[in-house]
Amino acid sequence: MVSRVIPVDPFDLVIFGGTGDLAQRKILPGLFRRFVAGQMPAESRVIGAARTELDSAGYREMVVEAIREFGGDFTYTDKQLKDFLGRIEYTPIDALGDAGWADLQELMKGKGRTEAYYFSVSPALFGELAERLQQWGMADRDARIVVEKPFGRDLESAHALNATLATYFNEDQIYRIDHYLGKETVQNLMAVRFGNMLFEPLWNAQFIDHIQITVAETVGVGGRGEYYDKAGAMRDMVQNHLMQLLCLIAMEPPARFAPDAVRDEKLKVIRALDPVLPHHIVRGQYLAETGNEEKMPSYREAVGAPRSRTESFVALKTHISNWRWAGTPFYLRTGKRLSARSSEITVVFKETPHSIFGEDAGRHRNVLSIRLQPNEGITLGVTIKEPGPGGMRLIDVPLDMSFAEALGQDAEQVDAYERLIMDVMRGNQTLFMRGDEVEAAWAWTDPIIQGWEARNDVPKPYDSGSAGPDYANELMRRDGREWREVTP
Ligand code: NAD
């Protein structure tokens, strides 16, 4: 099945930090794929702007390299690449000074296209960029800014950043990216919940035993050690990505699939979250890999801080205090250097109130699992009779909806970033975080982190390649439940 591509209006996209890692790995290859797909109109321009001294020709070479290395497995012609490069320009710029701003202003003059500015730079520069855009006359009412994560490191800093951006831009011009929201399956989660009659009547504490959200990575902190050690898994993953997934799984049906209708409902979820009790949360830190010739370093070695108390793993239990969810626990878990790379939301339904098949048939539960990566798809476990003449014995089998198979490879091609950039050009903020949402998420996260600091909490060590510290399993076992296995 071929997906329909609806071109957006011609645009000028300035990428501040256009020579950086994110631009090269995600933004530039993603734009090229949209160009090849016919969604990025040929009149559009992409303007790299960064501190690196380069001319446009040098930047185009960098773009070609980025496409080759990170563009993924897709086919394009030499002409398509040449035409795309014809839409690329570069201007050196300093976010902290005046250098380069007059040139950018000249480039952006009176073209009458959608104007967007992607802040793919250190968060310390977000405010500076917003201010300079206004100073140089580029913060018009129609301009859009795309702001990367992290958005603050606590409520106070997020509030201050929101206030700074609000000095120069209206909320409807600000696109705060959480790339998890751009994933196909995350949107499918909303389609499944609100496009079918089947699930919504059962989507509450009466029928659902608990919900788990796991985002497991096999990688360690890599080259991000310096940033990561000041952040930790709670700030880097839970406050944003896991929180967003929790919102979508738990929110009330919005009246419309429209930006504020959806974001109002998400905000209500965050505000209804219970504080997390100290014995309902486990922090971990990975140990060095053993048994492998190329031994991977421990967390502390990787960040160069032998006494670091930053967590590379978090597992927690929380509740949403509202009518729909009172009594249903939500378990969240994320970590680095775990046994597999896997992001999954699991909805575990309650057992049937009575088994007519007797104890021998076993007790069974329906499990709906929504897999974000790898192998995006949704699986519903249903109970059926075990085939054969062995009597009425029950087994669980998956009703599988693997998107790649059902829809063809075309559906897999769109990366979260490219989808979100096209949404920016369409002016659709549904899949971007609103300022009040981000602040509410920090308001819930802050006391947890402050509690650790006050108690001088030391994360529990865990083996690389495991499912995290055993304390995380204990958190579940105490409730008579267990985590889903972390499988690739
Ligand atoms: P990076 O360090 O690779 O690149 C930084 C870019 O900023 C470079 O192009 C550099 O020239 C430019 N820059 C630095 N100082 C400047 C200044 N004074 N004026 C103008 N330009 C300046 O960083 P990155 O990994 O590409 O990350 C960019 C942003 O995206 C950060 O906010 C980061 O947290 C976020 N992010 C990155 C990733 C990723 O995978 N790399 C993932 C999620 C979020």
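Since every read-out is calculated from the coordinates, none of them should be taken as a lab result. Keep in mind the model is a prediction, meaning the values are calculated, not measured. All Cβ positions, glycine included, derive from the backbone under ideal geometry; neighbour counts span all protein chains shown.
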Residue span residue 21 to residue 170: 0.36 nm per residue of separation minus Cα-Cα distance leaves a gain in nm of 50.8 nm
Per DSSP, the loop-located GluC sites (Glu not before Pro) within segment 254-333 having at most 11 other beta carbons within 10 Å are 293, 294
Projected area averaged over all directions for the convex hull of the alpha carbon atoms of segment 10-112, nm², comes out at 6.3
Mean 1/r over distinct Cα pairs of the chain, inverted to a Kirkwood Rh in Å, yields 24.3
1/(1 + (r/R0)^6) with r = Cβ-Cβ of residue 207 and residue 487, R0 = 25 Å, i.e. FRET efficiency to nearest 0.05, evaluates to 0.45
Chymotrypsin sites (Phe, Trp or Tyr not before Pro) in segment 169-244 lying in a DSSP loop, each with at most 14 other Cβ atoms within 10 Å of its Cβ, come to 207
Between residue 227 and residue 400, the two model label points (7 Å from Cα along the beta-carbon direction) sit apart by a distance in nm of 3.6
What helix-only [θ] at 222 nm does the chain give? Using -39500 (n - 2.57) per DSSP H run of at least 4, over all residues, to the nearest 500, the answer is -9500 deg cm²/dmol
Per the C-alpha gyration tensor (a ≥ b ≥ c, the square roots of its eigenvalues), segment 337-488 is rounded if a/c is under 1.5, else prolate if a/b beats b/c, else oblate; here it's oblate
Sorted by chain and number, the residues with a modelled amide H under 5 Å from that of residue 382, at a separation of 5 or more or across chains, are 397, 399
In segment 82-158, the trypsin sites (Lys or Arg not before Pro) that sit in a DSSP loop and have at most 12 other Cβ atoms within 10 Å of their own Cβ are 109, 141
